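The values are calculated or read from the model by the stated rules, or taken from the named source; none is laboratory data. What you see is a predicted model; the values in this text were computed from it and never measured. Backbone-built Cβ (ideal geometry, glycine too); neighbour counts: all protein chains shown.
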Amino acid sequence: MKINELKESCIAVENVYLDKEAVKTEEKSIFESNFDFSDKEILVTGNTMAGISLWLARQWNCRVTGIDSDYYKIEIGEIVKTKHKTRNVKFEQRDVLLQPITEKYDYIIINDLVEGLPLQIFEALLRKLSNALKPNGSIIIEFKPKRSRKPDHDKSGIWNRTKSIFHLNAHSTQNQTEDFSDQYTQLNQDKIMIISRRSGLKLSKRITRSSLDQFAIFRNANLSRGIFKPFVTKEYLVVSKKEVAVQKQVKRRIAAVI
């Protein structure tokens, strides 16, 4: 990466970190309205990992780890972290599928990454990340419910380094001849939930954003079904270990009744 490109990337990350521009505003609003990350251990992975990791560390008294297989994203995060002397965040170069995570986290955030992965790679990723959850931990999956395509270049670094391992995957069969590069398909809640269940996870919360949110009547409505489904622009699915998810659902129902 050339110096000018590095500077531009650092400015972009810094803008997310310091709220200098209206970038990632929706995601930040979702986090502030629905989660309390105080005193939590948080793992962040995805295409905008560095900016969100730094912002979370600044916004809450939490400990954040940002990971990516791309060295330059780690370097950019470290530069901005050093410049602003942010202490409660660290960055690690790591390919999750090839380097298992041994630490445990309260929250794992998959940020702007899901729609760029084939479903089978996403399933392998989710299985690895679920093993890094604390007993009451949750994974926050951010995705855009629209047809994805294979990226022009692999922003995450996961595709090129891991596509071959699926020929050895225990869940694959010998007569499976599909080309994984063709498995970019319509990503929606149903497919993600099927993959989550196979990974021992259950939906504990769902947050939907749509182009109709500008109208007060739709702002807190679930528009993921029926005629309003095409208006959905982004979804946040919170999945937890099955027993934990059930407990959280019961608590929310009790709170709603009381």
Taking the range 19-61 as the search range and keeping residues that are in a helix (DSSP H, G or I) and out of contact with any helix residue (DSSP H, G or I) (no Cβ under 8 Å at 6 or more places or on another chain), which one is nearest to SER138 (Cα to Cα)? ASN34
Members of the range 218-248 found to be more than 20 Å from the chain's Cα centre (by Cα), modelled with pLDDT under 65 and of a type in the set (Val, Ile, Thr), listed by number: VAL246
Looking for whichever is within 26 Å of LYS144 (Cα to Cα), surrounded by 15 or more Cβ atoms within 10 Å (Cβ to Cβ) and free of Cβ contacts under 8 Å to residues at least 40 places away in the same chain here; the options are ILE76, ILE67, ILE42. Which one fits? ILE67
Cβ-Cβ distance below 7 Å, separation of 6 or more or different chains: which pairs start in the range 4-24 with a residue that is within 17 Å of ARG58 (Cβ to Cβ) and end on one that is modelled with pLDDT under 90 and surrounded by 14 or more Cβ atoms within 10 Å (Cβ to Cβ)? ASN15/VAL23; VAL16/VAL23; VAL16/LYS24; VAL16/THR48; LYS24/THR48
In the range 68-76, is there at least one residue being in a helix (DSSP H, G or I), among the aliphatic types (A, V, I, L, M) and in contact with a helix residue (DSSP H, G or I) (Cβ under 7 Å, 6 or more places away or on another chain)? yes
When every residue in the range 60-107 that is of a type in the set (S, T, N, Q) and out of contact with any Asp or Glu (no Cβ under 8 Å at 6 or more places or on another chain) is compared, the one farthest from ASN47 (Cα to Cα) is THR102
I'd like to check something: does the range 96-103 contain any residue that is closer than 25 Å to TRP60 by Cα and surrounded by fewer than 18 Cβ atoms within 10 Å (Cβ to Cβ)? yes
